[in-house]
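The values are calculated or read from the model by the stated rules, or taken from the named source; none is laboratory data. If you're wondering where the values come from, they're calculated on a predicted model, not measured in any experiment. For neighbour counting, all protein chains shown are included, and Cβ atoms are generated from backbone atoms with ideal geometry for every residue, glycine included.
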Amino acid sequence: MTPSNVYHLTISLDESKIEADDDEREKETQRLFNELRKLDDIEDVQRVIDPEPPEGSKAIAGFFIGLLTAEVKPENIANLFRFLGDRLSNKEVSLTLSLGDDVLEVTARSREEFEFAMQQALIWTEQRNATST
């Protein structure tokens, strides 16, 4: 697999919209991380490490709370967005899909917005694929 066949997705749970303390948000982040690791549609998923957490920060065990990265092939993007919509449709989620320096940023707060974000991502990836051939 060449690197251009893998898209990078950053998933950010908006902490200001999640009415929970840091421990609860950490559990939510860890639960999502574990679920994503089991998906066949994901090439890789990682927690984002804060290399120098400031004193009093909201980083737990050196990880940013509510922040994950994943690698996904273009043909699996729709399945991933559906999965995220099923799990996170009641939370505000920022998604950043990138291929090299080319970036698509979307935010979703409901199942309908996840569906719209998925459509945007599919159009965006089709355009990237068309320019790379």
Check your understanding: If you go through segment 46-60 one residue at a time, do you hit one that is at pLDDT 95 or above and in contact with a Ser or Thr (Cβ under 7 Å, 6 or more places away or on another chain)?
Key -> yes
Check your understanding: Regarding THR125, is this residue hydroxyl-bearing (Ser, Thr, Tyr) and at pLDDT 90 or above?
Key -> yes
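Hey, any hits in segment 99-107 for a residue that's small (Gly, Ala, Ser), at pLDDT below 95, surrounded by fewer than 19 Cβ atoms within 10 Å (Cβ to Cβ) and at positive phi? Working first, answer last.
Residues of segment 99-107 small (Gly, Ala, Ser): 100.
Narrowing further to those that are at pLDDT below 95: 100.
Next, only the ones that are surrounded by fewer than 19 Cβ atoms within 10 Å (Cβ to Cβ) stay: 100.
This time we only want the ones that are at positive phi, so: 100.
Yes: one or more hits.
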Revision key, fill the gap. Given the conditions (1) modelled with pLDDT under 85; (2) surrounded by 15 or more Cβ atoms within 10 Å (Cβ to Cβ); (3) part of a helix (DSSP H, G or I), every one holds for GLU24 apart from (2)
Revision key, fill the gap. Only one of (1) touching a helix residue (DSSP H, G or I) at 6+ places or on another chain (Cβ under 8 Å); (2) at pLDDT below 90; (3) not in a loop (DSSP other than H, G, I, E, B) does not apply to ALA117, and that is (2)
